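Asker: Handing you this structure, nothing more for now.
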Amino acid sequence: MEPRLARIGARAGILLWSCSTIHPTCASSFANMPVGTIIEDVELRGPDGAERHLLEADSINVFMFVNPEQEHSLSAVRAMAELREEFAGKPVHWGVIVTDRAPQAAVESMTGRGNASIPVLLDKGDVLYGRFGVALFPVAGITDRSSRLAFYEPFSKVHYPTVIRARIRYLLGEIDQAEMMRAVAPPAEAEVADADVARRFLKLAEMLYQSGKYEKAAESVRHSIEKDETLVASHVLLGRVLAALGRCEEAIEAFERAKQLDPGDPGATGPRPDCTQSTGGGRLTP
């Protein structure tokens, strides 16, 4: 095995866990590409020498960095091949990214295990690995129709295809946030406490807020509060979202509730955003 493959493979063996952009421990998955980043399309050669695009315009794009000599990567590619068939005919574009230093025999073996339909892109000189800052693999990136990075999913032995499927269906508009979250973290099977689910909804709301999708952010953060009413950060974010929507009185109520829960929380007691509505505006003074 090449030194780089061995080094990254060793890290992957230590860092395999189930996470996504709404889980705080996933920040190292794409070190250089935070959620919300517009991904630039590139053309890379496949094993057959043909040029292939990383992204497709006006489509949900699913791309996965893999090591063809690693069993977890092979499992992830098999799952991707099955999902590709499932979403056939829908605007979903797929690709598997492999370092150009991977042994040719390993790449051929990977695509020959019932995965021939998955487009493989060879990353010459590990340019994409470096651009994304890939710290472990297999790891999948999923963009929305505007090529904005919406989710990344490091491999998990449990429910990995289910999670990817839910992410895609959410971006296609087939399911709402709550249904996606139930698929990502089903309480009965994963034994996820309400507090954990609340933090996941909070992380999703933060992503939506940063992307300027305030209505969806409000919906997600309210789900967070439903799961754990005592989570101060959710009330603070709700205040910021409502301020961005111009719903100033509601924003003040959210900040005041956060302050009641924890008078020492800097988000609850610190400077508040400006809020403008039809009846006037200004800073939401604590």
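The values are calculated or read from the model by the stated rules, or taken from the named source; none is laboratory data. Everything quoted here is computed from the prediction, not taken from an experiment. Don't worry about glycine lacking a Cβ; one is built from the backbone with ideal geometry, like all the others, and counts go over all protein chains shown. With ligands, DNA and RNA removed, areas are computed over all heavy atoms of the protein, side chains included. Shrake-Rupley method; radii C 1.70, N 1.55, O 1.52, S 1.80 Å.
Asker: Check GLU179, GLU189 and return the single one that is modelled with pLDDT under 90 and out of contact with any His (no Cβ under 6 Å at 6 or more places or on another chain).
Answerer: Residue meeting the stated conditions: GLU189.
Asker: Working only within the stretch 115-145, note down all residues that are hydrophobic (A, V, I, L, M, F, W, C) and outside any loop (DSSP other than H, G, I, E, B). If you could, list the steps in order and put the result at the bottom.
Answerer: Initial filter on the stretch 115-145 (hydrophobic (A, V, I, L, M, F, W, C)): 116, 118, 120-122, 127-128, 132, 134-137, 139-140, 142.
Within the stretch 115-145, VAL120, LEU121, LEU122, VAL127, LEU128, PHE132, VAL134, VAL139, ALA140, ILE142 qualify.
Asker: Could you tell me which numbered condition ILE14 fails, if it satisfies all but one of (1) within 16 Å of the chain's Cα centre (by Cα); (2) open to solvent by 50 Å² or more (accessible area, probe 1.4 Å); (3) at pLDDT below 50?
Answerer: Unmet condition: (1).
Asker: Across the stretch 65-106, what is the number of residues that are farther than 20 Å from GLY141 by Cβ and of a type outside the set (Gly, Ala, Ser)? So that I can check it myself, show each step before the final result.
Answerer: Residues of the stretch 65-106 farther than 20 Å from GLY141 by Cβ: 69, 71, 85, 88-89, 101, 103-106.
Then drop every residue that is not of a type outside the set (Gly, Ala, Ser), which leaves 69, 71, 85, 101, 103-104.
Here the count works out to 6.
Asker: Could you say whether any residue in the stretch 175-192 is among the charged types (D, E, K, R), part of a helix (DSSP H, G or I) and within 30 Å of HIS53 (Cα to Cα)?
Answerer: no
Asker: If you take the residues in the stretch 134-145 that are under 15 Å from GLY36 (Cβ atoms) and out of contact with any Lys or Arg (no Cβ under 7 Å at 6 or more places or on another chain), which one is most open to solvent (accessible area, probe 1.4 Å)?
Answerer: Residues of the stretch 134-145 under 15 Å from GLY36 (Cβ atoms): 141-145.
Still in the list and also out of contact with any Lys or Arg (no Cβ under 7 Å at 6 or more places or on another chain): 141, 143-145.
Working: GLY141: 0, THR143: 0, ASP144: 20, ARG145: 96 Å².
Across the stretch 134-145, the extreme among qualifying residues is ARG145.
Asker: Please work out which one of (1) surrounded by 22 or more Cβ atoms within 10 Å (Cβ to Cβ); (2) modelled with pLDDT of 95 or more is the condition PHE151 fails and give its number.
Answerer: Every condition holds for PHE151 apart from (2).
Asker: Run TYR214 past the list (1) open to solvent by 70 Å² or more (accessible area, probe 1.4 Å); (2) in contact (Cβ under 8 Å) with a residue 12 or more places away in the chain; (3) over 27 Å from VAL62 (Cβ atoms) and report the number of the one that doesn't hold.
Answerer: Against the list (1) open to solvent by 70 Å² or more (accessible area, probe 1.4 Å); (2) in contact (Cβ under 8 Å) with a residue 12 or more places away in the chain; (3) over 27 Å from VAL62 (Cβ atoms), TYR214 comes up short only on (3).
Asker: I need every pair where a residue in the stretch 77-102 that is over 11 Å from PRO161 (Cα atoms) has its Cβ under 6 Å from the Cβ of a residue that is part of a helix (DSSP H, G or I) and open to solvent by 20 Å² or more (accessible area, probe 1.4 Å), sequence separation at least 6 or different chains.
Answerer: Listed pairs, sorted by first residue: TRP94/ARG84; ASP100/LYS124.
Asker: Show the residue pairs that are 6+ apart or on different chains and have beta-carbon atoms under 9 Å apart, the first residue being within the stretch 31-60 and within 18 Å of GLY125 (Cα to Cα) and in contact (Cβ under 8 Å) with a residue 60 or more places away in the chain, the second being among the acidic types (Asp, Glu) and not in a loop (DSSP other than H, G, I, E, B).
Answerer: Cβ pairs passing all conditions: LEU44/GLU51; LEU44/ASP123; ARG45/GLU51; PRO47/GLU108; ARG52/GLU43; LEU54/GLU43.
Asker: I'd like the residue in the stretch 29-43 that is under 15 Å from PHE65 (Cα atoms) and either outside any loop (DSSP other than H, G, I, E, B) or of a type outside the set (A, V, I, L, M) (or both) and, out of all such residues, is modelled with the lowest pLDDT.
Answerer: Looking at the filtered set, the residue picked out is SER29.
Asker: Restrict the check to the stretch 114-126 and report whether at least one residue is within 19 Å of the chain's Cα centre (by Cα) and open to solvent by less than 10 Å² (accessible area, probe 1.4 Å).
Answerer: Our first condition is that a residue be within 19 Å of the chain's Cα centre (by Cα); within the stretch 114-126, this holds for none.
Scanning the stretch 114-126 turns up no residue that is within 19 Å of the chain's Cα centre (by Cα) and open to solvent by less than 10 Å² (accessible area, probe 1.4 Å).
Asker: Output the residue which, of all residues in the stretch 61-70 that are closer than 21 Å to ARG165 by Cα and either open to solvent by 10 Å² or more (accessible area, probe 1.4 Å) or among the β-branched types (Val, Ile, Thr) (or both), is farthest from the chain's Cα centre (by Cα).
Answerer: Of the residues in the stretch 61-70, the ones closer than 21 Å to ARG165 by Cα are 61-66.
Now narrow it down to the ones that are either open to solvent by 10 Å² or more (accessible area, probe 1.4 Å) or among the β-branched types (Val, Ile, Thr) (or both): 62, 66.
Values: VAL62: 11, VAL66: 17 Å.
Applying the filter and picking the extreme gives VAL66.
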